[in-house]
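Here is the structure we will look at.
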Amino acid sequence: MSATPLSVQLYSVRDAFAADPAAALARLAEIGFTTVELFGFVERADEFAALLPAAGLTASSAHASLVGKDVVPVFEAAKKVGVTNIIDPFIPAERWQTSDDVVAIATELNRVAAIAADIGISVGYHNHAWELSTKIDGTTALEALADNLDPAVFLEVDTYWAFVGGVDPVGLLSRLGDRVRFIHVKDGEPTGDTARQQPAGSGEVPVLDVLAAAPQAVRVVEFDDFAGDVFDGLAASVSFLTSNGESL
């Protein structure tokens, strides 16, 4: 059980947010969320700075590309919105093929983290499947990355994509330990068919064991896709999680 409230990745409700941002945030608040994880916030920082408090929400974290990017606009936007954890959400599979690749990514994350630390922001990385399915000298590329990261850089482990990548997410979390500050909580099948993602506790991901393996991590509920009303899916996930000891 985490001491921090459940968060939700706004990508889950991207269509509703695009149609009516205030209404989408209000529906998340009605479900019980008090914190959210942002995406696409850099160009909309002023809007988020107004919308979040109006809905009674704060930003636990935010996704933004950092590696190989101009990070000054990202950190300026973060300051406006009041978010202090920025996570690079995606580095493509072709950049994870060799030890040199992984060291290069770690070096860039370490560089960005040093800049961010001076303004009170922490930097992390979020995985997909390929960082687990790719092995570097016998270990997963994600764990090889962790071995080369400065301690200030944290990980947000997407436990569904770790599962799809062929790695037991429980063992992965146990090995990474306190390097993991956030986890994405979602459920589904090992095929990686996002259209078949399901509310937490309804699929094949061992969600309760995942939670137990990372008690220190903020739980961020997410759907990449959902066959029904995604707000219903989020509400079902919240019901499952809170009935098993998590707090909103």
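Summary of values
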read-out	value
Cα pair distances in region 145-188, grouped into 10 Å bins until the bin that holds the longest one, percent each	28, 56, 15, 1
Carbon/sulfur fraction of accessible area - region 95-248, other protein chains in place, 1.4 Å, %	49
Area of Thr58 that stays accessible when all protein chains are in place (1.4 Å probe, Å², to 10)	80
Cleavage-rule hits (chymotrypsin sites (Phe, Trp or Tyr not before Pro)) in region 87-136: DSSP loop, at most 14 neighbouring Cβ within 10 angstrom	Phe90
Solvent-free Debye scattering, log10 I(q)/I(0), computed from the Cα coordinates of the chain at q = 0.15 Å⁻¹	-1.04
Kirkwood Rh, angstrom, region 168-234 [1 / mean 1/r, Cα pairs]	12.4
Inter-label distance, nm, simple model (7 Å from Cα along the C-beta direction), Thr34/Asp147	4.1
Ellipticity estimate at 222 nm from DSSP helix runs (n ≥ 4, -39,500 (n - 2.57)) divided over the chain, nearest 500	-12000 deg cm²/dmol
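The values are calculated or read from the model by the stated rules, or taken from the named source; none is laboratory data. Keep in mind that what you see is a predicted model, and the values were worked out from it rather than measured. Please note: Cβ atoms are built from the backbone with ideal geometry, for glycine as well, and neighbour counts cover all protein chains shown. For accessibility, only protein heavy atoms count, side chains too; no ligands or nucleic acids. Shrake-Rupley method; radii C 1.70, N 1.55, O 1.52, S 1.80 Å.
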